[in-house]
Amino acid sequence: MFQGLINSAKTAVSSLILKYVARASVAVPFVIALGFALAAIAAMSVDRFGHIAGYWLMAGGLAAIGALAAIFVSIREHEEEVADQQAEAADTSKIATEVATQAPLAILGGLLTLPGGSATALKAAQLLGRNYPLVLLTALIGLLFWPTSRDDVETTPRADEESTIPAFKPNGSDEASPSLYRH
């Protein structure tokens with residue numbers, strides 16, 4: 001029954017393993033070359049600075065390379081986390097917008113398909129018609145919370161950004177105000 005699924009999984013895993021083995025086989029000569037380069041650098045530093053200082057230099061150099069690699073990986077992982085959070089936030093707002101636009105029609109469609117749904121929809125329309133000002137107020141409040149597009153958000157100035165218009169004191173005693181308004 002599940003034999004086809006198991007064979008498919010085996011094929012996928014084996015192809016993945018073969019892909020990484022092929023990549024590793026390409027990297028093996030470079031790793032060996034790096035080992036010989038490190039040995040040559042160690043021999044040169046021992047000849048030039050002596051055994052103790054040469055090995056200390058090698059250890060310090062390799063530790064510095066490891067620290068730089070760790071910082072690089074940490075920064076890269078942080079950038080990926082931030083990008084994932086931004087993508088998740090964008091997806092969430094997009095989904096919320098779609099739900100907000102499609103929910104009323106889905107509810108109405110579900111209501112009309114029920115037995116006696118058209119009579120119930122007519123009664124609900126009469127109720128909304130009698131309470132028109134309340135419905136209008138609720139709709140306006142709903143529009144305040146309606147999600148905006150990214151373009152609208154980027155074009156509106158933020159509170160933390162500096163404005164090009166200087167803020168003057170109302171009595172004209174500000175140094176930046178024109179001299180005609182100063183007292």
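The values are calculated or read from the model by the stated rules, or taken from the named source; none is laboratory data. Every value quoted in this text rests on a predicted model; they were computed, and no experiment measured them. For neighbour counting, all protein chains shown are included, and Cβ atoms are generated from backbone atoms with ideal geometry for every residue, glycine included.
Some observations on this one:
- Selection within the range 13-47 - surrounded by 11 or more Cβ atoms within 10 Å (Cβ to Cβ) and of a type in the set (S, T, N, Q): Ser45
- Exclusive hit being modelled with pLDDT of 70 or more and on the phi > 0 side of the Ramachandran plot, set Gly116, Gly129: Gly116
- The listed residues are Gly50, Gly54, Gly61, and the only one of them that is in contact with a helix residue (DSSP H, G or I) (Cβ under 7 Å, 6 or more places away or on another chain) and surrounded by 11 or more Cβ atoms within 10 Å (Cβ to Cβ) turns out to be Gly54.
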